[in-house]
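Working notes, beginning with the structure itself.
The values are calculated or read from the model by the stated rules, or taken from the named source; none is laboratory data. Because the structure is predicted, anything quoted here is derived from the model rather than measured. Because the Cβ atoms are built from the backbone with ideal geometry, glycine has one as well, and the counts that use them run over all protein chains shown.
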Amino acid sequence: MKNLFMYLMLWILAFNLVSCDDNNNNPVQPNGDSNLWGTTYYHANLGAYPDIYSKYWVYAYNITENPNIGLRLTGAYPEARFFSFSIYNDLKGEVIDGLDDVNISPDDGSINPYTVTTNSTNNKFTIYIVKEGTDISLLKNANAENVCYFNDVVECMSICLRQYLGEGEYGGVDLPTIEGVDLTTGAIVDAPKAVVSMATIMKDGNFVPLASDQSTEVPFLLSPRGEYFPNNSTDYLYCRTQLTTDDVLTFSFIPAPIPTCVEEYRGAKARYWSICIGSVMNTYSYCSFYDRMLEYKDGEKITVAIISANNAKLADVKKAMENIPYSYLMEWDEERLDNQGRKISDIITVLYRNILPDTTWQYSMSTMTPTPYGDPYNSITDPDKQVAHRALGNYAPLGKKHKTDEFLQLYKDTNPSR
């Protein structure tokens, strides 16, 4: 279980980049080269259980070789449910700073469409990333709310741009332009050459079998933020289990309320939620759905069932699911081969993700205590704060594995309450 979430937000950049700790010369790219973001990454080429409906771009540069250079990002607000910038101490994976969409102030003459209303105007923003102590009065068009900072300890810095449910490839706009800024004069200069982020060094997802994989009760726990390039705007409940061909894993919960329009973003209990299933073998995601894909009512439970695609009674299970209100079936194909030609296997991780959870809401994941890495189910010391269904009641899932015949008997002729 040590590898569960150990590789949060790991990406593979283009191979012509050099690593952050390499001693080669570090030439510069032309001013405003948006190609410094590199390739678009998503679930098919990204480990660490990403949401299938998200995309990521990464840029990193060596601060020790560019000691007086910061960054200026200029761009347009994308059309997406959510976007953000996260800034990391790349050698450790620690979050240094960051900005969520609603907190990015617009340039003069523009508006932030994540705070007012959806519109098609090309509204722009400017973000600076500078060393602590920089005189921001030197920075052209700088808005203090859009200035992020790093300190002298950081030798290499990486930036991750995230979009969820973005329109088209880049959210209907160009990726932000990356430029360098001389921190002593404020002058715009060439951007430092992109180097390979430590976040992009993908490790094998081999796992250690756990006795808890066999348990029929599958509790959800809060993932620790850790030092593995986390999305600092998101909380995750997760479980891990073995799903044999004859198992049906079910869990029910009341989803966090989400906004129905942009004007409700700031007061929302969560901006977005999704359920995602990934293979512990390689930490890739293979099945996912998000809030608005499903039919359900606020304040009422949904039920999710996960079954092997090779289950001989799959059709019967689908029929039985019709007796469960707001129920959804997800099929897991353990025979599927990953990009290394290996079966993705029957050891799975299920994630329930909330973006921008309201930390003051009594049923928020943010009120929980995360469970340490290692064997998490043997690390529970305060169940009322660490075990999701005990901490959050009906707003948290609790997994239960049934043998297929048991499941069919349970739901064949019943119409359980919501």
Item checked: Per-region count, the range 302-323, residues under 14 Å from Phe251 (Cβ atoms) and surrounded by fewer than 21 Cβ atoms within 10 Å (Cβ to Cβ) -> 2
Margin query: I'm trying to understand the selection: among the residues of the range 325-365, which are closer than 19 Å to Arg292 by Cα, hydrophobic (A, V, I, L, M, F, W, C) and in a loop (DSSP other than H, G, I, E, B)?
Written below: Leu356
Notebook entry, point to check: How many residues does the range 368-397 hold that are surrounded by 17 or more Cβ atoms within 10 Å (Cβ to Cβ), assigned to a helix (DSSP H, G or I) and modelled with pLDDT of 95 or more?
Noted result: 6
Notebook entry, point to check: Would the range 302-317 turn up any residue that is in contact with a Gly (Cβ under 6 Å, 6 or more places away or on another chain), closer than 12 Å to Trp332 by Cβ, polar (S, T, N, Q) and not in a loop (DSSP other than H, G, I, E, B)?
Noted result: no
Checklist line | strands (runs of 3 or more DSSP E) (entirely within the range 100-202) containing at least 3 residues that are under 14 Å from Tyr77 (Cα atoms) and touching a residue at least 60 places away in the same chain (Cβ under 8 Å) | finding: 156-164
Next item on the list: Please give the number of the condition Ser120 fails out of (1) under 20 Å from Pro192 (Cβ atoms); (2) at pLDDT below 90.
Entry: (1)
Notebook entry, point to check: How many residues does the range 44-94 contain that are part of a helix (DSSP H, G or I) and either surrounded by 21 or more Cβ atoms within 10 Å (Cβ to Cβ) or among the hydrophobic types (A, V, I, L, M, F, W, C) (or both)?
Noted result: 1
